[in-house]
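Chemist: Below is a structure I'd like to ask you about.
The values are calculated or read from the model by the stated rules, or taken from the named source; none is laboratory data. Given the structure is predicted, the values throughout are model-derived calculations rather than measurements. Counting neighbours? That spans all protein chains shown, and the Cβs are built from the backbone with ideal geometry, glycine included. Side chains included, ligands, DNA and RNA excluded: accessible areas come from the protein's heavy atoms. Shrake-Rupley method; radii C 1.70, N 1.55, O 1.52, S 1.80 Å.
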Amino acid sequence: MKKVRFMSVFAGIFLLIGSMSCSDGGSGDNSEEIVTLKIEEGGSGFVSSTGEVKTEYAGWTGTGYIDGISDGGNIVYTVSAKEAISNAKIAIHYCNTEASRVRGALVSVNGSLINSENPFAMTYTFKGNKTDATEETVAKRWVDTAYLENVSLKAGSNSIIITGAPAGTYTAVGGEPITIADDQKGCLNYVDYLIVVGKGISYGTDTTKYISFSCASENETAGSVESTASDSSVAENSEVTLKASPNAGWKFDCWSDGSKENPHTITVSSATYIFAHFIPENYTAPSGLVGYASVTTDAGNGYTITGGAGASSANTVTIASYADLVAKKDLLSSDEPKIITISGTISTKDNANPLLSEKYTIGSNSTIYGDTSSQGRLQNIEFVVDGENVIIRNMMFGEVISWDGYTKSGADDALSLNGATHVWVDHCEFQSHLTPQDLDGNEITSGHNYYSTDEDWAKDFYDGLLDIKNGSTWITISNCYFHDHWKACLCASGDAAPNKNTTTGATDTDMRITFYNNYWKNINARQPLFRWGKAHIFNSYFVSESSEMSGKSTGINCRAGSEIYIDNNTFENIKTPIGYYNDESASKTGNWVNENNEFNSCTNTVVSSSTSYKPPYNWTPKSASEAKTYVQSNAGVGKLTASDLK
């Protein structure tokens, strides 16, 4: 089962004052009448939200509607009751403009979740022209959910918290069957206001903020976690005590916040997801790991990466054919400890449409090895890592076809880290071709049905070799060989705002990545392109030798406020080896430190920009010239023995 996780960024907190309507002419005071409260964002009875107020789709009331409630987010309201009642009713006035975006809403009253099996259905209502405010359009676009009945409220103040439902299939409030997809878990559609109906109720005045909180074992096979928190939201600044209990054969290593204490007491002052990391007893970590995959905080608190160590014999398997890959799809995406050996080339070339690329998800607690005797290689197949605690070594990735000149293909990048945490990619090779080829190595020319005259077709035929985004953090990329590609490595997706991920809760600002001992040859751009987070790049060799690239390519592209410590690397025949390359405003530039790097036949001068950033861990670099020699002999596949891959 996938772990419950959180969204760590608050887009806004609102307090204060609003509107109310009462049936039977009621005034909204603590009378004996049946009262209907409509609690608007920012109004009376509204406490806080992790979302933000929007006004794009006409028909809302109050000051707008709440958008941006993702996994772990919430909306908090408060209602007062003259005396305890057990027959209150609750509904949500909402809008859903996308038919494919089925979501559900859960309600907690005074810390108790009351509809976990029957969420409110937030299915498609109507889209239309955003600004159309005609009565007919508004009536279709903004609707009430069914009412959740027989809700108990205590005398005095009551806290009501709305959150998104987990992925799954449910019978919703009112009997409607709904299925919430994994990418919609924890999310809400546009919320205009909350409706509460009951005898003698009024807007509450308790402005206590409630913070999203969840905890879990990173590996449920290894151990479990108990918490003193009774719900997924706790009052701001509450103390919560956690206890990690390892199963037989395992031991507790650390909490994700770096603490080694067990039990561990924390104060929840912002949205929090914390997990316990367990490792097998008598475990020996693989040698050679340096950098962010070995820590779990900016203070450098240690983390012992284990990947699939401790996997059962059933989960220790070899994939040696395309059919094997398809058969093991569920195992690959699970969070159970697993050790997967890829033997030989796994390709789509024998499929009915051989150039249609495919992608497979890699879950938590995974080790992926390329066989040392029959090199493991994926051709036109993307692995997407979206879990925690993952090791990938001695693998070849590449030739993933992104665009056939007319339509998008099935995958994008050779390897993608999407909201992944604690990942080590080591001694791997990433490559495509500077001229599009089919999977047999034949150049695609005008006689081929995939050929296009679009001037960007050749560069976009393959997308990225390694993309790291959506809050992926605590990553090390080492001893890898990147070559013959136009756009190699993208870290974070956009300049406008840091992406956030509904699985891990982190944003691109949280990214922490180390690159070292890597060989970058004949790459046009993105070596890497880095936004928002922090990175350390050392002891690598960047060179352009081909006629397409020599003297024309760009190296490390620092954008969007990122901070990069760059030391002891060699750059040759690179037009701009380090800098900010973009036509947008200078406010989107990143910051970098240029320390002991060598530049040979590079066009543009490199200086340091303004940052005091330095990685929090220890490393012992080679000189730039030593690193150049080293990576040409040691980076890439085929350098490890079977004993290295235990």
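Chemist: Suppose the filter is in contact (Cβ under 8 Å) with a residue 40 or more places away in the chain and open to solvent by 20 Å² or more (accessible area, probe 1.4 Å); does L434 pass it? Outline the logic, then answer.
Modeler: Details: in contact (Cβ under 8 Å) with a residue 40 or more places away in the chain: yes; open to solvent by 20 Å² or more (accessible area, probe 1.4 Å): yes.
Spelling it out, L434 is indeed in contact (Cβ under 8 Å) with a residue 40 or more places away in the chain and open to solvent by 20 Å² or more (accessible area, probe 1.4 Å).
Chemist: For the condition at pLDDT 95 or above and either open to solvent by 10 Å² or more (accessible area, probe 1.4 Å) or farther than 28 Å from G68 by Cα (or both), what is the one hit in W457, W532, W520?
Modeler: Working: W457 fails: at pLDDT 95 or above; W532 fails: at pLDDT 95 or above.
None of the others qualify; the one that does is W520.
One line per residue, one yes/no per condition, for (1) under 14 Å from T163 (Cβ atoms); (2) of a type outside the set (F, W, Y); (3) under 25 Å from the mean Cα position of the chain (by Cα):
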| residue | (1), (2), (3) |
| --- | --- |
| R103 | yes, yes, yes |
| L106 | yes, yes, yes |
| F126 | no, no, no |
| N129 | no, yes, no |
| V143 | no, yes, no |
| E149 | no, yes, no |
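Chemist: I'm told A146 meets every condition in (1) open to solvent by less than 30 Å² (accessible area, probe 1.4 Å); (2) under 15 Å from Y94 (Cα atoms); (3) not in a strand (DSSP E or B) except one. Can you identify the failing condition by its number?
Modeler: Result: A146 passes all but (1).
Chemist: Would you point out the residue of segment 104-143, among those that are aromatic (F, W, Y) and part of a loop (DSSP other than H, G, I, E, B), that is most open to solvent (accessible area, probe 1.4 Å)? Full working, then the answer.
Modeler: Of the residues in segment 104-143, the ones aromatic (F, W, Y) are 120, 124, 126, 142.
If we keep only those that are part of a loop (DSSP other than H, G, I, E, B) too, we end up with 124, 126, 142.
Details: Y124: 101, F126: 51, W142: 11 Å².
Among residues in segment 104-143 that are aromatic (F, W, Y) and part of a loop (DSSP other than H, G, I, E, B), the one most open to solvent (accessible area, probe 1.4 Å) is Y124.
Chemist: Just to be sure I understand, how many residues within segment 225-234 are without any contact (Cβ under 8 Å) to a residue 40 or more places away in the chain and open to solvent by 30 Å² or more (accessible area, probe 1.4 Å)?
Modeler: Total satisfying the criteria: 3.
Chemist: State yes or no: is T514 hydroxyl-bearing (S, T, Y), under 29 Å from the mean Cα position of the chain (by Cα) and open to solvent by less than 20 Å² (accessible area, probe 1.4 Å)? Steps first, answer last, please.
Modeler: Values: hydroxyl-bearing (S, T, Y): yes; under 29 Å from the mean Cα position of the chain (by Cα): yes; open to solvent by less than 20 Å² (accessible area, probe 1.4 Å): yes.
In short, yes.
Chemist: Looking at N499, is it under 19 Å from E572 (Cβ atoms), polar (S, T, N, Q) and either open to solvent by 10 Å² or more (accessible area, probe 1.4 Å) or out of contact with any helix residue (DSSP H, G or I) (no Cβ under 8 Å at 6 or more places or on another chain) (or both)?
Modeler: On the way: under 19 Å from E572 (Cβ atoms): no; polar (S, T, N, Q): yes; either open to solvent by 10 Å² or more (accessible area, probe 1.4 Å) or out of contact with any helix residue (DSSP H, G or I) (no Cβ under 8 Å at 6 or more places or on another chain) (or both): yes.
No, not satisfied.
Chemist: Considering every residue within segment 270-277, establish whether at least one is free of Cβ contacts under 8 Å to residues at least 40 places away in the same chain and open to solvent by 20 Å² or more (accessible area, probe 1.4 Å). So that I can check it myself, show each step before the final result.
Modeler: First, pick out the residues of segment 270-277 that are free of Cβ contacts under 8 Å to residues at least 40 places away in the same chain: none.
No, the conditions are met nowhere in segment 270-277.
Chemist: I'd like to know if segment 158-176 contains one or more residues that are at pLDDT 95 or above, outside any strand (DSSP E or B), surrounded by 19 or more Cβ atoms within 10 Å (Cβ to Cβ) and over 25 Å from the mean Cα position of the chain (by Cα).
Modeler: Among the residues of segment 158-176, at least one is at pLDDT 95 or above, outside any strand (DSSP E or B), surrounded by 19 or more Cβ atoms within 10 Å (Cβ to Cβ) and over 25 Å from the mean Cα position of the chain (by Cα), which makes the answer yes.
Chemist: Return yes or no: is N591 closer than 30 Å to I305 by Cβ and either within 32 Å of the chain's Cα centre (by Cα) or modelled with pLDDT of 95 or more (or both)? Break it down into steps so the answer makes sense when it comes.
Modeler: Details: closer than 30 Å to I305 by Cβ: yes; either within 32 Å of the chain's Cα centre (by Cα) or modelled with pLDDT of 95 or more (or both): yes.
Against the criterion (closer than 30 Å to I305 by Cβ and either within 32 Å of the chain's Cα centre (by Cα) or modelled with pLDDT of 95 or more (or both)), N591 qualifies.
Chemist: Which condition from (1) small (G, A, S); (2) open to solvent by 60 Å² or more (accessible area, probe 1.4 Å); (3) within 30 Å of R377 (Cβ to Cβ); (4) modelled with pLDDT of 95 or more is the one that S287 breaks?
Modeler: Checking S287 against (1) small (G, A, S); (2) open to solvent by 60 Å² or more (accessible area, probe 1.4 Å); (3) within 30 Å of R377 (Cβ to Cβ); (4) modelled with pLDDT of 95 or more, the one that fails is (4).
Chemist: Can you tell me which residue among S70, S21 is open to solvent by 10 Å² or more (accessible area, probe 1.4 Å), more than 27 Å from S116 (Cβ to Cβ), modelled with pLDDT under 95 and of a type outside the set (A, V, I, L, M, F, W, C)?
Modeler: Details: S70 fails: more than 27 Å from S116 (Cβ to Cβ).
Of the residues listed, the single one that is open to solvent by 10 Å² or more (accessible area, probe 1.4 Å), more than 27 Å from S116 (Cβ to Cβ), modelled with pLDDT under 95 and of a type outside the set (A, V, I, L, M, F, W, C) is S21.
Chemist: Could you grab me the full set of residues in segment 56-94 that are basic (K, R) and under 16 Å from G204 (Cβ atoms)? I'd like the intermediate steps shown before the answer.
Modeler: Initially, segment 56-94 is screened for residues basic (K, R), giving 82, 89.
Selection gives K82 alone.
Chemist: Where residues in segment 319-348 are polar (S, T, N, Q) and part of a loop (DSSP other than H, G, I, E, B), which of them is surrounded by the fewest Cβ atoms within 10 Å (Cβ to Cβ)?
Modeler: Among them, the one singled out is S321.
Chemist: Name every residue in segment 591-632 that is open to solvent by less than 70 Å² (accessible area, probe 1.4 Å) and closer than 30 Å to D371 by Cβ, in order of residue number.
Modeler: K622, A627, K628, V631
Chemist: Also, I was wondering about something else. Restricting attention to segment 238-261, does a residue exist that is over 30 Å from S44 (Cβ atoms), among the aromatic types (F, W, Y), in contact (Cβ under 8 Å) with a residue 60 or more places away in the chain and not in a loop (DSSP other than H, G, I, E, B)?
Modeler: Checking segment 238-261: at least one residue is over 30 Å from S44 (Cβ atoms), among the aromatic types (F, W, Y), in contact (Cβ under 8 Å) with a residue 60 or more places away in the chain and not in a loop (DSSP other than H, G, I, E, B).
Chemist: Which of (1) under 23 Å from H422 (Cβ atoms); (2) modelled with pLDDT of 95 or more; (3) open to solvent by 10 Å² or more (accessible area, probe 1.4 Å) is the odd one out, the single condition A222 does not satisfy?
Modeler: So the condition that A222 fails would be (3).
Chemist: Being of a type in the set (A, V, I, L, M) and over 17 Å from I392 (Cβ atoms) is true for just one of I340, I319, I305, I279. Which residue is that? Spell out how you get there, then give the answer.
Modeler: On the way: I340 fails: over 17 Å from I392 (Cβ atoms); I319 fails: over 17 Å from I392 (Cβ atoms); I305 fails: over 17 Å from I392 (Cβ atoms).
Selected residue: I279, the only one of I340, I319, I305, I279 that is of a type in the set (A, V, I, L, M) and over 17 Å from I392 (Cβ atoms).
Chemist: Would segment 565-572 turn up any residue that is at pLDDT 95 or above, open to solvent by 10 Å² or more (accessible area, probe 1.4 Å) and closer than 29 Å to E218 by Cβ?
Modeler: Looking through segment 565-572, at least one residue is at pLDDT 95 or above, open to solvent by 10 Å² or more (accessible area, probe 1.4 Å) and closer than 29 Å to E218 by Cβ.
Chemist: Another question, then. Say we look at segment 291-318 and pick out the residues that are assigned to a loop (DSSP other than H, G, I, E, B) and of a type in the set (A, V, I, L, M, F, W, C); which of these is most open to solvent (accessible area, probe 1.4 Å)?
Modeler: Filtering segment 291-318 for residues assigned to a loop (DSSP other than H, G, I, E, B) gives 291, 296-301, 303-312.
Still in the running and of a type in the set (A, V, I, L, M, F, W, C): 299, 305, 309, 311.
Numbers: A299: 82, I305: 5, A309: 18, A311: 26 Å².
Result: A299.
Chemist: If E388 satisfies every condition in (1) open to solvent by less than 30 Å² (accessible area, probe 1.4 Å); (2) within 26 Å of F461 (Cα to Cα); (3) under 22 Å from the mean Cα position of the chain (by Cα) but one, which is the exception?
Modeler: Condition (2) is where E388 drops out.
Chemist: Can you pull out the residues in segment 81-103 that are buried (at least 16 other Cβ atoms within 10 Å of the Cβ) and not charged (D, E, K, R)?
Modeler: Correct list: A81, I85, A88, I90, A91, I92, H93, Y94, C95, N96, T97, V102.
Chemist: Check V197 against each of (1) under 26 Å from the mean Cα position of the chain (by Cα); (2) in a strand (DSSP E or B) and name the one condition it does not meet.
Modeler: (1)
Chemist: Out of A276, A271, A293, A323, I need the residue that is more than 21 Å from the chain's Cα centre (by Cα) and among the small types (G, A, S). Which one? Outline the logic, then answer.
Modeler: Values: A276 fails: more than 21 Å from the chain's Cα centre (by Cα); A271 fails: more than 21 Å from the chain's Cα centre (by Cα); A293 fails: more than 21 Å from the chain's Cα centre (by Cα).
None of the other options fit; the residue is A323.
Chemist: Mind listing whichever residues of segment 214-237 are touching a Phe, Trp or Tyr at 6+ places or on another chain (Cβ under 9 Å), part of a loop (DSSP other than H, G, I, E, B) and not hydroxyl-bearing (S, T, Y)? Reasoning before the result, please.
Modeler: Restricting attention to segment 214-237, the residues satisfying the condition of being touching a Phe, Trp or Tyr at 6+ places or on another chain (Cβ under 9 Å) are 214-219, 221-223, 225, 227, 229, 231-236.
So of that shortlist, the ones also part of a loop (DSSP other than H, G, I, E, B) come out as 218-219, 221-222, 229, 231-232, 236.
Hits for segment 214-237 are E218, N219, A222, A229, D231, E236.
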